[in-house]
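The values are calculated or read from the model by the stated rules, or taken from the named source; none is laboratory data. All values reported here derive from a predicted model rather than from experimental measurement. Cβ: placed from backbone, ideal geometry, glycine included. Neighbour counts: every protein chain shown. The area values use the complete protein model at the heavy-atom level, side chains included, leaving out ligands, DNA and RNA. Shrake-Rupley method; radii C 1.70, N 1.55, O 1.52, S 1.80 Å.
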Amino acid sequence: MNTPKDEVSRRKQAIENRETDITRWADQKQLEAAWNGRAQFAAQWIPCGARVLDIGCGAMALEKYLPAGCSYQPCDVVARDERTIVCDLNHSKVPSYAAQAERITLLGVIEYLFDPISLFTQLLHYGKPVIVSYCATDWSQQLDRRALGWVNDFSLVQLTNLITQVGWQIKRLEKVDAIQALFLLEPQAITIREKKRVLVLSYNNYGNFGDRLGFHLLNSVLPAETEVTYTHCNPWNPPTTEFDLIILGIGNSLFDQPLTKELLQLLDRIPKRVGIFGTQYRHGFIPARLHAVIDRLDHWFARYEEDILLYGRDRKNISHLGDWLIHAFPMAVGHNDNQLNIGDEALKNLPLDRTIQQIQQYKKVFSDRLHPLLCALTSAEQVAYQDKYYGEPAMPTGKFRSMFIDIFGRTFAEKTFWPVDRNAVVRYKIQVAKNITQLTHTINALLYPASNDL
């Protein structure tokens, strides 16, 4: 669009006087149809149902592109219709309607502001997402910015620095066309910390229900910046790359077999170390081997109180986590009167969500698998169990006993049904949830010792 010389002169004079060119914006013919494409692009960034404050609304093209359920409030230096809030941002504050809006748009506005820092600071006060367009100098060297009425000259880097220094987070940045970009700004800046690498050593490659379930729980407590690699106790083939933290176990049992010099060497080469495991088959344990592992851990979150009493007494780097897999089981009410018997089918890589729902259908559950029985405690009226036996002479694993002592304060005879104390299960879930919070904080502090998130 060719602009007459007298029009260009008037625009430049307004800039020299640090005045908004009201005469220009009162002329409807100055609102270029090409700007509608920018409005259509911006509308894609607005959610359904939002109240939108369109500052510098111009021809109000944005209104016709808004998604379903949106309400539209125009704002400009001159009235465009009876709804328009008249506001000159070079001489006035952001209109108070910004407090009601869910999105604020400034399309083709920043180029005409003498003090954009003041604008971004005012908008930050309202704490609402803002959609801003700008023609950066990087892409507009061929243009006479003053002839266009533009009063500032920011490169893309300069503008992004200005925006972030005020306190905004640039959530999204895309080019609208050859010369202008669209920014989505959010008021709460999220700082992405340095990437950390975490190695997890466990048995989660087994089909066992509990060994696999811990995978999901652990992922839910790790900081967002971590990159996680899983390796397994069997087969033993840990990666040789560098890691910031190793996590030994995902809440299940640590057997005697992996307590080797190779494990100690792996722990020694990674600077931070956390254990999340219990013990069983304890009659086969050589305590000195486990102690050598615990000595190297920054913290061991022990599954059961008995784990601590047997192997961690008087140590400062141990706390009682509880069996955190209970966190994956909501309290429910069984409705099937038939008895559910759970055995080795729990090892068959069954879908975890379907397995939980299946177990929680039954009022009466018998299991020789630990974590299916733990699941049943959240829904069944009666349960019974049978422990596994090993060695010569045959000895129980001890895992059921430890779980019952933790939850109910007593153990129960095998193969005998007994009523579930639901209040005791709820209290246990509450305590374990608190302990998981501490686990999350500990991992975060080990990876980011200077973090203020704790």
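How about the stretch 261-311: which of its residues are assigned to a loop (DSSP other than H, G, I, E, B), farther than 24 Å from L447 by Cα, open to solvent by 40 Å² or more (accessible area, probe 1.4 Å) and in contact (Cβ under 8 Å) with a residue 40 or more places away in the chain?
Hit for the stretch 261-311 is Y281, nothing else.
Residues A394, A384, A346: which one is crowded, with 17+ Cβ neighbours inside 10 Å and either touching a His at 6+ places or on another chain (Cβ under 9 Å) or modelled with pLDDT under 95 (or both)?
Criteria check complete, one pass: A346.
Sort out which residues of the stretch 411-454 are of a type in the set (V, I, T), under 21 Å from D323 (Cβ atoms) and not in a helix (DSSP H, G or I), and write them in order of number. Walk me through how you get there before you give the answer.
Step one: filter the stretch 411-454 for residues of a type in the set (V, I, T), giving 411, 416, 420, 425-426, 430, 432, 436-437, 440, 442-443.
Then keep just the ones that are under 21 Å from D323 (Cβ atoms); that gives 411, 420, 425-426, 430, 432, 436-437, 440, 442-443.
Within the stretch 411-454, T411, V420 meet the criteria.
State whether one or more residues within the stretch 135-147 are in a strand (DSSP E or B), modelled with pLDDT of 95 or more and either in contact with a strand residue (DSSP E or B) (Cβ under 9 Å, 6 or more places away or on another chain) or open to solvent by 40 Å² or more (accessible area, probe 1.4 Å) (or both).
Checked the stretch 135-147: no residue is in a strand (DSSP E or B), modelled with pLDDT of 95 or more and either in contact with a strand residue (DSSP E or B) (Cβ under 9 Å, 6 or more places away or on another chain) or open to solvent by 40 Å² or more (accessible area, probe 1.4 Å) (or both).
Which one of W35, W45 is surrounded by 12 or more Cβ atoms within 10 Å (Cβ to Cβ) and not in a loop (DSSP other than H, G, I, E, B)?
W35
Looking at this structure, is W25 open to solvent by less than 70 Å² (accessible area, probe 1.4 Å), aromatic (F, W, Y) and part of a helix (DSSP H, G or I)?
yes
Just for the stretch 313-344: of the residues that are in a loop (DSSP other than H, G, I, E, B) and without any contact (Cβ under 8 Å) to a residue 40 or more places away in the chain, which one is nearest to V274 (Cα to Cα)? Before you say what the answer is, go through the steps one by one.
The first filter runs over the stretch 313-344 and keeps only residues in a loop (DSSP other than H, G, I, E, B), leaving 313-317, 321-323, 329-335, 343.
From the residues that got through so far, the ones that are without any contact (Cβ under 8 Å) to a residue 40 or more places away in the chain too are 313-317, 335, 343.
Values: R313: 18, D314: 18, R315: 15, K316: 13, N317: 10, H335: 40, G343: 32 Å.
This residue is N317.
Run L447 past the list (1) touching a helix residue (DSSP H, G or I) at 6+ places or on another chain (Cβ under 7 Å); (2) open to solvent by less than 30 Å² (accessible area, probe 1.4 Å) and report the number of the one that doesn't hold.
Here L447 clears every test but (1).
Here's the yes/no breakdown for (1) assigned to a helix (DSSP H, G or I); (2) open to solvent by 30 Å² or more (accessible area, probe 1.4 Å):
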| position | (1), (2) |
| --- | --- |
| A68 | no, yes |
| C75 | no, no |
| R80 | no, yes |
| N90 | no, yes |
| K93 | no, yes |
| A98 | yes, no |
| A101 | no, no |
| I104 | no, no |
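Conditions (1) modelled with pLDDT of 95 or more; (2) out of contact with any Lys or Arg (no Cβ under 9 Å at 6 or more places or on another chain), marked per residue:
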position	(1), (2)
L266	yes, yes
R269	yes, yes
G284	no, yes
F301	yes, yes
L310	no, no
I326	yes, no
M331	yes, no
R354	no, yes
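Which members of the stretch 106-134 meet the condition of being in a helix (DSSP H, G or I) and either farther than 16 Å from K171 by Cβ or of a type outside the set (A, V, I, L, M, F, W, C) (or both)? Lay out the reasoning, then the answer.
Our first condition is that a residue be in a helix (DSSP H, G or I); within the stretch 106-134, this holds for 110-112, 116-126.
Result: I110, E111, Y112, P116, I117, S118, L119, T121, Q122, H125, Y126.
Restricting to the stretch 185-210, give me the number of residues that are crowded, with 19+ Cβ neighbours inside 10 Å and under 30 Å from L148 (Cα atoms).
Residues that pass the stated criteria total 1.
Within the stretch 106-127, which residues are among the charged types (D, E, K, R) and open to solvent by less than 40 Å² (accessible area, probe 1.4 Å)?
E111
Quick check on the stretch 211-220: of everything there that is out of contact with any Leu (no Cβ under 6 Å at 6 or more places or on another chain) and closer than 19 Å to D344 by Cα, which residue is least open to solvent (accessible area, probe 1.4 Å)?
Top of the filtered list is G214.
Please work out which residue is least open to solvent (accessible area, probe 1.4 Å), limiting yourself to the stretch 349-380 and to residues that are assigned to a strand (DSSP E or B) and more than 18 Å from F400 (Cα to Cα). So that I can check it myself, show each step before the final result.
Within the stretch 349-380, the first condition is being assigned to a strand (DSSP E or B), and the residues that meet it are 362-367.
Of the ones still in play, those that are also more than 18 Å from F400 (Cα to Cα) are 362-363.
Numbers: Y362: 32, K363: 58 Å².
Once the filter is applied, the top-ranked residue is Y362.
Return the residue satisfying two criteria in turn: it lies in the stretch 221-257 and is buried (at least 19 other Cβ atoms within 10 Å of the Cβ) and over 24 Å from the mean Cα position of the chain (by Cα), and of such residues it is nearest to D295 (Cα to Cα).
Looking at the filtered set, the residue picked out is L254.
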